[in-house]
1. At what distance in nm do the modelled label points of residue 236 and residue 104 sit from each other, each positioned 7 Å from its Cα along Cα→Cβ?
2. Given an 8 Å cut-off on Cα distances and at least 6 residues of separation, report the relative contact order of the range 21-309 as a percent.
3. Quick one: among 282, 260, 187, which has the greatest mean-square fluctuation in a GNM of the chain with alpha-carbon springs under 10 angstrom?
4. Which order do the peptides 54-62, 374-382 come out in when sorted by mean C-beta neighbours inside 10 angstrom, highest first?
5. Distance in nm between label sites at residue 16 and residue 67, each 7 Å beyond Cα in the beta-carbon direction?
6. Counting pairs of alpha carbon atoms under 8 Å apart in space and at least six apart in sequence, what relative contact order in percent does the range 99-157 give?
7. Starting at 0 and stepping by 10 Å, how many percent of the alpha carbon pairs of the range 266-409 end up in each bin?
8. Modelled label-to-label distance, residue 144 and residue 348, 7 Å Cα→beta-carbon offset: nm?
C-alpha cells in the first residue's frame, strides 16, 4: 500500500460521539468508519487486521480437524420457533424484516438452530460422526448499549464453531481440544498473559461453561481470580458453593474488570432434541446427537487488542495481526530512491509513506497507525550506508547497514 494512493486519511480528532478509546483510535488512524452507534465499516487497513485475526483462528481450528463453511445471515423462523427463540419475549435482540410477498425473516444473532437443521441432511449414522464445522459470519444484535466502539456492536463479525458427537465422552475430549486451541490463538495475538479461561454459568444444560476473558479496564464483565490466576470465575458464579465445588474455598480472590473474547459451551441436546437431529448407532438404534458450540468475537477481539496495547501516541499492533510489518519512509532524493527499491517485492508487508508531507507528520502517523517497525531511509543515514529502524512497541531505535536491510528484512 502506498499512502499517496489510498483514499484513507488520518484524522486529528475522532467523531465527538465516539467515546471509546478503541473506536476513537481506529477511526483516527483510518482503520474503520463509523456509520452510526454500534455499526462500523472496515476500511483497507482495518480489513487487513480482521483477515489476519481470522487467519490465526483458521490455522488453529484446522489443526484440530475443523472444516470451514459459510451460512446465510437471513433466517427462516421455523427452526427458531421450535426452540422458542424466535419470540421477541424470549430473545429481545432480534432484527427482523418483512418479505414483500408476506412473512418475516430474521437476521441471525447466532447460528445454533440453522446449523442443527442443516446437519439433518448430512448426519444419519454413527459413521458420520464426530463432525466439526465453523464459519466467520456477520451477526446482528439489537443491543441497547452500543457505546464501546467495536467491543459491542449491533453488527459484528464472529467465528462460531459447532461440534457433533455420538457421546458425552467424545464431546468432552473435543471440548478440551478447543480449550487448547483457544489458548494458542490468544497467545499468538499477544494476549496470552492477560486472557484467562473463566468459569461461567452453564445454564440449564451443564454446570459450567467457560469464557475467555481478557483483563481490560473498560471491559463489561467482573471476574474474580486467585493468587496465581489458575482459577478465574465470572461474577455470576462467584459464591461459596462454587468455590467449594472447585476446591478453592480457602483461597483469596481479587476482583478485576475484563472483556469476553471467546466462549465454549457443552450444549448436549439443547438444540438437537427439539430439532430432531438424530443418528443410528452400531446397534441400529436411534440416538440424539450431542453438540457443543464455541465462539470468538473477531471484530471484538480487534477492539480489545487496539484498546489494550494502545499508548498516548496511538495504536500498537502485535506482529501477528498488524496490517503491515513495516512503515517505510524515504527522506531526501537518495532516501526516496532506496525506499522505492526496498518496497518493490515487499508490498504485502510494507506500508510506504510516499506522501508529500513533512517527516514529522509521517513519524506521527506511523505511531498513530501502530505498525510494528518503522524503517527510515534518509540521505543522512545513507551517508553511513545505514538505515534506521524503530520498534513501535518499545520505541527503541537502531541502525543497520543498507545491504543488511535488503538481505534480512
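Read-outs throughout are calculated quantities, based only on the coordinates presented, and are distinct from any laboratory measurement. This one's a predicted model, so the numbers in the text were calculated from it and none came from an experiment. For neighbour counting, all protein chains shown are included, and Cβ atoms are generated from backbone atoms with ideal geometry for every residue, glycine included.
1. 2.5
2. Numbers: 548 pairs, mean separation 62.0, N = 289.
Contact order relative to length: 21 percent.
3. Top of the fluctuation ranking is 282.
4. Working: 54-62: 17.8, 374-382: 20.1.
The peptides rank, most packed first, as 374-382, 54-62.
5. Distance between label points: 5.4 nm.
6. Across the range 99-157, relative contact order equals 30 percent.
7. Bins of 10 Å from zero give 10, 31, 21, 9, 8, 10, 8, 3, 0 percent of pairs.
8. Between residue 144 and residue 348, the label points sit 4.8 nm apart.
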